[in-house]
């Protein structure tokens, strides 16, 4: 095989695998920057993947053709917002332990999505296979560039959206007053309260954004990779997104780098089997690689994590 | 009504009990919306578990590893650590016990089983200890390391089974030697061949150990002090770093033992995993419902095990998808975590009643 095509394809697969992680990790950043731990990202992704699978199927059924995956994305967005409200109400308004509340989201997602799938699809364990998944949008001209043309500019619309999202999230968090307020609420809520920032409202916005984005991430897996939703569509991607967020030090650019790194280590597994020198490496070690590398990198380079100072603490205005 | 209200303001055993009832009600409502009969569903759930001795024994089998992973998560919680890695520690415990059970030969009957159990516990402890060490020495977030180690354990376990322990032509290991088995033959016979084993007894003893260690020993006091306020503990002259590693190690031993019991007492082999077994993640729920107290965990693991095991009978008897049980468990945790919600829901009811009385 021509090495240029190989590298181009490797970059392409990497980005496909990273897309969902980018969405979910950025979502996590909005929630945690506002001071609300969100271990429920996994569940929120599951809700999104489910909503996309079901809504796209019904849209197809109604004859909406190529528009149906976009209906799926929209449904995921709404579903993610609704599900994240459970987390927000419990942990912000009622000051429940945020970790516990996140675990609840994961449990509810695992149970209710499959329950509804069985209800809607006559007891089947997965949604009916979609005929119309998302299709790739080659960017005119740019996709003709060797290597990166195939690698970057011949991709799913959701991948472009994810990359744009990173830049937007960075801009919003660090260059707007909204971002400053969000971060202030996560670092020192009572100080933020003193200068008139609505702490609870900012936290609600953070959690809702995380729900919407994580669900979109989950939806991209259904719509680009599996074309169906079943119990193992997400299987741990949400936890990897949380890792990418921490790895990236709660910064959108860092999280993007970490997500691409995870995507790359998932993508490269397929390529190891192609070459004579690498095909004897046990497959388990290739699967293990991203996780072991993460630990090594965290220990060697990152050291002390720089979590938002008030992360995990419910804010009680009456307490000083 | 005022009595009901009082239940929620007093931090007592009744809080989880009311949450359980509310969780079951949520499940019933969702079943009604789906067009199922909740009464039939719940009655077939409980009649599955308590209907005959075999299923009752198998439910106990289901409960045992949940006690161990629940204790693991709770032990770390008490020391201020979130051990989301019980899953990986459980797998390492399984793998070590399988390896010792198959490869070590010529040991007498009880000794071999003990060595295999200890190997499982140590493997889990060391696996968690890595997390504790990195947290203590390098300040790396324990949650992210645990998540990474969960996946690493899954593939490492598969690698070991595939390359060293495999039964030819099958996706599982050879059987462990009979000398390493902790099954209780006579008890299994009494329970109509349900898979009963000594692990259940050890699990209950482990809960007692947890209680005595945590609340009656100086070491446990230090662990709790570190969990409450690390800086204060340090100021009082305690070695915070040492305590973090110790807490994670003991936590991992619990989870690893849970895995070892599953191999030595139930399956007698280890299958190649296609996905994470999930017992460690369930341990988080068990610990939360059990209020992170060892005796609470015995109860919550029993509830969890009964609901999970019975859900199969529920789908058989009332045609309800067994996933409903995960919604019920999620709701129970939700109500325990956000007691304020329950109070908020009950408050208008409570006030209205009072007004009516006045009128």
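Values for this structure:
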{"quantity": "Overall form of the range A:138-243 per C-alpha gyration tensor (a/c, 1.5; a/b vs b/c)", "calculated": "oblate"}
{"quantity": "Global form of chain B, assessed from the alpha-carbon gyration tensor, a/c cut-off 1.5", "calculated": "oblate"}
{"quantity": "Residue mean of other protein chain beta carbons inside 10 Å, B:317-323", "calculated": "4"}
{"quantity": "Principal-axis tilt of helix B:86-103 within chain B, Cα atoms, nearest 10 degrees", "calculated": "30"}
{"quantity": "P(r) tail fraction, the range B:199-283 - alpha-carbon pairs more than 22 Å apart, %", "calculated": "41"}
{"quantity": "Nearest 10 degrees, 0 to 90: helix A:199-220 Cα axis against chain A principal axis", "calculated": "10"}
{"quantity": "Residue among B:33, B:60, B:297 with the largest mean-square fluctuation in a Gaussian network model of chain B, springs linking Cα atoms under 10 Å", "calculated": "B:33"}
{"quantity": "Choice from A:67, A:214, A:55 with maximal GNM fluctuation in chain A (Cα, 10 Å cutoff)", "calculated": "A:67"}
{"quantity": "For the range B:170-315, Kirkwood radius (reciprocal of mean inverse C-alpha pair distance, Å)", "calculated": "17.7"}
{"quantity": "Residues in the range B:119-139 that a label on residue B:209 would reach, taking backbone N under 14 Å of a point 7 Å out along Cα→Cβ", "calculated": "B:119-126"}
{"quantity": "Kirkwood Rh, angstrom, the range B:79-169 [1 / mean 1/r, Cα pairs]", "calculated": "14.0"}
{"quantity": "Pairs of Cα atoms farther than 37 Å apart, chain A, %", "calculated": "18"}
{"quantity": "Taking the C-alpha atoms of the range A:1-153, convex hull volume expressed per residue in Å³", "calculated": "148"}
{"quantity": "Kirkwood Rh in Å, taken over the range A:75-220 so that all alpha-carbon pairs contribute", "calculated": "18.3"}
{"quantity": "Where labels lie 7 Å past Cα in the beta-carbon direction, separation of residue A:129 and residue A:61 in nm", "calculated": "1.9"}
{"quantity": "Taking the range B:157-282 and dividing mean pair separation by its residue count, relative contact order in percent (alpha carbons under 8 Å, at least six apart)", "calculated": "36"}
{"quantity": "Footprinting exposure proxy for A:132, B:323 (fewest neighbouring C-beta atoms within 10 Å first)", "calculated": "A:132, B:323"}
{"quantity": "Spatial separation of Cα centroids for the range A:166-235 and the range A:51-112, in angstrom", "calculated": "14"}
{"quantity": "Alpha-carbon centroids, the range A:243-290 and the range B:192-258: separation in whole Å", "calculated": "35"}
{"quantity": "Nearest 10 degrees, 0 to 90: helix A:283-297 Cα axis against chain A principal axis", "calculated": "40"}
{"quantity": "Packing-based exposure ordering (other Cβ within 10 Å, fewest first) of B:228, B:197", "calculated": "B:228, B:197"}
{"quantity": "Per residue Cα convex hull volume in Å³ - calculated over the protein assembly as shown", "calculated": "193"}
{"quantity": "Pair-distance profile P(r), taking every C-alpha pair of the range A:1-73, with 10 angstrom steps and integer %", "calculated": "17, 28, 30, 21, 4"}
{"quantity": "Fluctuation leader among B:331, B:181, B:300 - chain B, Gaussian network, Cα springs under 10 angstrom", "calculated": "B:331"}
{"quantity": "Anisotropy class of the range B:15-133 from Cα gyration tensor, a/c 1.5 cut", "calculated": "oblate"}
{"quantity": "Linear extension gain, residue A:272 paired with residue A:174, 0.36 nm per residue minus alpha-carbon span", "calculated": "31.3 nm"}
{"quantity": "Likely footprinting exposure, B:90, B:159, fewest C-beta neighbours within 10 Å first", "calculated": "B:159, B:90"}
{"quantity": "Residues of the range A:255-289 with amide N under 16 Å of a point placed 7 Å along Cα→Cβ from residue A:148", "calculated": "none"}
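Computed from the coordinates by the stated procedures, all read-outs in this text should not be read as laboratory data. Predicted model, so just to flag it, every value in this text is computed and none were measured. Counting neighbours? That spans all protein chains shown, and the Cβs are built from the backbone with ideal geometry, glycine included.
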